[in-house]
Structure formats: C-alpha cells, structure tokens
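Note sheet for the following structure.
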Amino acid sequence: MPTEVLREPLALKLSLPGEETCVVEIGDLPNPRLAADLAEGLAASVHPHGPLGKRTTFNSFLYTLRRMVRELAEDGFDGSAAELTRTVLSAFWLRSNYLVEYRTRSLLRALDQQRRVLDEPVRQMVFGINYKRPVLNGPLQRGRARLAAAIAKSIEPPLLQLHRTVPHDDLAARIDDAVGFYEYELARFAELRTVHGPTVPDGAATAGPQLARLLHDLNTAEQPTWAWPLAGGEGQWRRIARKVTAGQDWPRT
C-alpha cells in the first residue's frame, strides 16, 4: 500500500514493507505550504514508488524535511515549492552538509515527478549535480593531536570526551542513509533508461563504489571530537590531570 499524505493535521499514513501501517505527524512547522509539498515528495519516495523502505531512513528524511522548512522560514521564505528560487535553494544547500542536500533534492525531485510544480530554472537545478559530495576521510581535528600540542607547550588543554567510533544508533541510521542513496540512484537511472533507452547505464558502476566507500568509512573514517566544559572547574581538572599522569608533575605551573 502506498504512503498517503493526510491533511489537518499534516501527516503521512506510512506503509513500509514488513511493518504495520501507522500515521506519522509532520508537526507544527512555520510554513505549512512548503511542508505539505515536501510531505508529498516524501510520500512518493517511500516503497513501493520510491527507494525508502526502512523506518530509520524514513525518519532521517522526515527530520531533514522539518529542518528545511524551519531554516527557509528563518531566511524569510514563506511560499510553496512552486515559489522556490535558485537563490533560496543555493543559499540553503551551500550552508548544509551532503546528506541534507541529498535528502532535500530527493524530496523535491519526487514531488516534481508527481506533478510538475517547480519553476523550470529551479527544476534544472534540483535535477542537476549536487553542490556537496560525501566527505571521505575529510580533515577532522584530532583530539589526540590537540592534547599533544598542549602538552608540548605546557598549557592546559580542555578536557575532552573522545568519540572514536560511531554510536550504534547513528551507525544504523548512516548505513540506511548509504543504502537509501544507492537505491535512489539505481531508481533514478532506471527512469532515465525508460525514457532514453539502453544506452543509459544502470547506475551500478557509479553508485556501487560510492556505497562501498560510505560503508567502509563508517568503520575507518575519523569521527569529530566533541568537548564539554568540566564540572568542578580548574580544581577538578587538576585532580584528573594528576590522576591520569600518574603523578608525573604535569602540567607544570
């Protein structure tokens, strides 16, 4: 059963393979018209009409839908998808990460394939090449390097809590995102083959290596280092420093 858009309140009657049908509310968003259009695109992106077949992937797209509506409202945009401009979208995508751009492009493509609502210059932009690419082994600051530099200069570094691996929930969501990207690309190439014939490749040669890199990097790529202020202030920091340095009299004052 296809996923349906419900009105008042705006929601989706979600039907995923192997799961019971349920109603998911989009939520109270500052631009109901754009929210409704993107909800239509999200519904069209869900199996069997689209590549989204898992709840975690659906949730990621729903989160991004809400984010796009809120951020564009903060920018002053209060129109529907038909009123989007290249300037509005480019500003949003340039400040967003790859996944946000990929998901919102996917929603707008799915909406426009259902009913051609986008202005032609915007349509060309939405169906064009992404501004952002997946970050593969990107330049992330290493907490260990920062700590070593602080020790070398005999200064007090901030106390860091380091994430060396992806948390389990985040890992599952990123796997689904990677697979969703792969499935979406294959579906997009299949549509192109339907229109233009077998001279168009099936997309596996392009999407396959990208999927492999994304999955590989979940286990091998560095994750960002997060730092929180230490409760207890300088005294607590010194007590921990003495404990972890085994009384080696560091830092020196």
Requested in this report: List the trypsin sites (Lys or Arg not before Pro) within the stretch 19-72 that fall in a DSSP loop (any state other than H, G, I, E or B) and whose Cβ has at most 14 other Cβ atoms within 10 Å.
Outcome: none
Query raised in the report: Normalised by the residues of the stretch 1-127, what does the relative contact order come to in percent, with Cα pairs under 8 Å and at least six apart?
Result: 25 percent
Report summary line: Its Cα gyration tensor gives the stretch 4-126 an equivalent ellipsoid whose semi-axes in whole Å, largest first, are 23, 15, 14
Report summary line: Once residue 90 and residue 215 are pulled to full extension, the length gained, defined as 0.36 nm per residue separation minus their Cα-Cα distance, is 42.2 nm
Report summary line: Note to self: C-alpha centroids of the stretch 23-50 and the stretch 61-78 sit apart, in Å, by 12 Å
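All of the numbers you see were taken from the coordinates with simple rules; none came from a lab. This is a predicted model, so every value here is computed, not measured. Virtual Cβ from ideal backbone geometry, glycine too; neighbours counted across all protein chains shown.
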